[in-house]
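One structure below.
What follows draws every value from the coordinates through simple rules; no lab data is involved. What you see is a predicted model, and the numbers here were worked out from it, not measured in a lab. Positions of Cβ are generated from backbone atoms using ideal geometry, with glycine treated the same way; all protein chains shown enter the neighbour counts.
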Amino acid sequence: SVILPVAQRGEDILRLKAARVADAEFNSDWLMQLASAMIATMLERSGVGIAAPQVYISKRVIIVASRPNLRYPDAPEMDAVVMVNPEILEFSQATTLGEEGCLSVPNERGQVQRAQSIKVLYHTLTGEVMESTFEGFPARIVQHEIDHLNGILFVDRLS
Ligand SMILES: O=C(O)C[C@@H](Cc1ccccc1)[C@H](O)SCc1ccccc1
Ligand SMILES: [Zn+2]
């Protein structure tokens with residue numbers, strides 16, 4: 001499938017607050033193709049997540065796809081989850097410090113404090129409303145990706 005160019009730190013698109021996906025866009029070929037191109041691009045770049053602004057689309061769509069990796073060897077293997085208009089409803093009081101990277105900030109890694117678990121409300125590509133809880137590494141990815149939708153990069157949060 002289509003591999004899209006990834007915006008790099010310093011490009012304005014990464015600093016915008018992304019627009020909500022409109023009801024009329026759910027179930028559309030456009031949204032399906034955006035999601036599949038985002039997944040293909042994320043996989044090509046060995047990412048575990050990606051946000052639409054990173055591929056120059058300022059809309060509130062993210063992909064979360066945890067898998068074991070060097071830094072998180074016991075991370076769960078999960079099928080890519082597409083979240084449209086995601087909102088974090090609850091943050092746990094407990095936080096963890098963990099290493100992060102970013103497809104838009106190459107050659108940089110840093111320790112970021114994130115809520116250990118979160119409750120997220122989001123829409124699927126077909127517009128179905130889902131409410132899920134994430135913890136550990138998947139929770140970290142969700143928080144990192146939703147930051148992208150609000151123009152925030154992990155380097156803004158370095159401890
Ligand atoms: O730029 C992105 O949003 C994708 C990041 C997601 C990520 C967020 C938080 C913590 C780790 C990753 C890329 O996956 S960066 C590559 C990577 C992969 C596994 C572990 C660390 C970094
Ligand atoms: Zn990132």
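When you restrict to C-alpha pairs under 8 Å that are six or more residues apart and normalise by the size of segment 1-74, the relative contact order lands at 37 percent. Computing FRET efficiency as 1/(1 + (r/R0)^6) for Glu11 and Asp156, where r is the C-beta to C-beta distance and R0 is 22 Å, gives about 0.90. Couplings 3J(HN,Hα) for segment 55-67, derived from phi with the Karplus relation 6.51 cos²θ - 1.76 cosθ + 1.60 (θ = phi - 60°), are 10, 6, 10, 7, 9, 7, 10, 10, 10, 10, 8, 4, 7 Hz, where x marks Gly and Pro. Of Asn69, Asn107, Asn85, the residue with the greatest mean-square motion in the GNM of the chain, using alpha carbon springs below 10 Å, is Asn107. How much net charge surrounds Arg15 when only the other residues with a Cβ under 13 Å from the Cβ of Arg15 are counted, with Lys and Arg +1 and Asp and Glu -1? Local charge sum for Arg15: -2. Full extension of the chain segment joining Ser28 with Asn107 gains 24.8 nm, where the gain is 0.36 nm per residue of separation less the Cα-Cα distance. A full extension of the chain between Leu97 and Glu131 corresponds to an added length of 9.7 nm, given 0.36 nm per residue minus the alpha carbon distance. Each of His148, His123 was scored by other Cβ atoms within 10 Å of its Cβ. Arranged with the fewest first, they read His123, His148.
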